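Here the structure comes first, spelled out in structure tokens, and everything after it is commentary.
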Amino acid sequence: MVLVFYSFKLMLAIGMTMVTLAAISLWLRWHGRLYSARWFLRILVVMTPAGVVATLGGWWTAEIGRQPWVINGMCAPPKGITGASRDAVSGLIAFVCAYSVFF
């Protein structure tokens, strides 16, 4: 459960940092210093992989968090499995096609 706890905290911290940086960017833009504030631009470069890390933290929270319930028999295995519906599969196919065109 420690991994679930910290993966959620990581996801939350990165998300709040992104919201804070968005607010700072709006303030800098309002004052006409968005492109001249080097300290802010350096922070944005460091934050480049933050979205991927936050997504992985959320995925770990969901997937690892459900495992103890299934393993200990508190949740039936079919209820612990996420099924892929037709809409999800067609959305994934459209996503892959669109990004293939961009690539």
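About the Cα centre of the chain, what is the dipole size in debye to 20, counting +1 per Lys and Arg Cβ and -1 per Asp and Glu Cβ, all else neutral?
Numbers: 8 positive and 2 negative charges, 69 e Å.
The calculation lands at about 340 debye.
Given a 1.4 angstrom probe, I'd like the percentage of the accessible area of the chain that is carbon and sulfur, rounded to a whole number.
Values: 6160 of 8350 Å².
Carbon-and-sulfur percentage of accessible area, whole number: 74.
When only Cα pairs under 8 Å and 6 or more residues apart are kept, what is the percent relative contact order across the chain?
Working: 37 pairs, mean separation 38.5, N = 103.
Here the relative contact order equals 37 percent.
Given a Förster distance of 30 angstrom, what is the FRET efficiency for residue 9 paired with residue 90, based on the Cβ-Cβ distance and rounded to 0.05? Could you put the intermediate results ahead of the total?
Values: r = 35 Å, r/R0 = 1.15.
Efficiency, rounded to the nearest 0.05: 0.30.
Relative to the longest principal axis of the chain, what angle (0 to 90°, nearest 10) does the C-alpha long axis of helix 50-71 take?
20
What full-extension length gain, to one decimal in nm, is calculated for residue 34 and residue 50 as 0.36 nm per residue of separation minus the Cα-Cα distance? Mind showing how you got there, number by number?
Numbers: separation 16, 0.36 × 16 = 5.76 nm, distance 2.02 nm.
In short, 3.7 nm is gained.
What number comes out for accessible area per residue over the chain if the probe is 1.4 Å? Units Å², please. Numbers along the way, then the final one.
Values: 8350 Å² over 103 residues.
On a per-residue basis, the chain sits at 81 Å².
The values are calculated or read from the model by the stated rules, or taken from the named source; none is laboratory data. Everything quoted here is computed from the prediction, not taken from an experiment. Please note: Cβ atoms are built from the backbone with ideal geometry, for glycine as well, and neighbour counts cover all protein chains shown. Note: accessible area is taken over every heavy atom of the protein model, side chains too, but ligands, DNA and RNA are not part of it. Shrake-Rupley method; radii C 1.70, N 1.55, O 1.52, S 1.80 Å.
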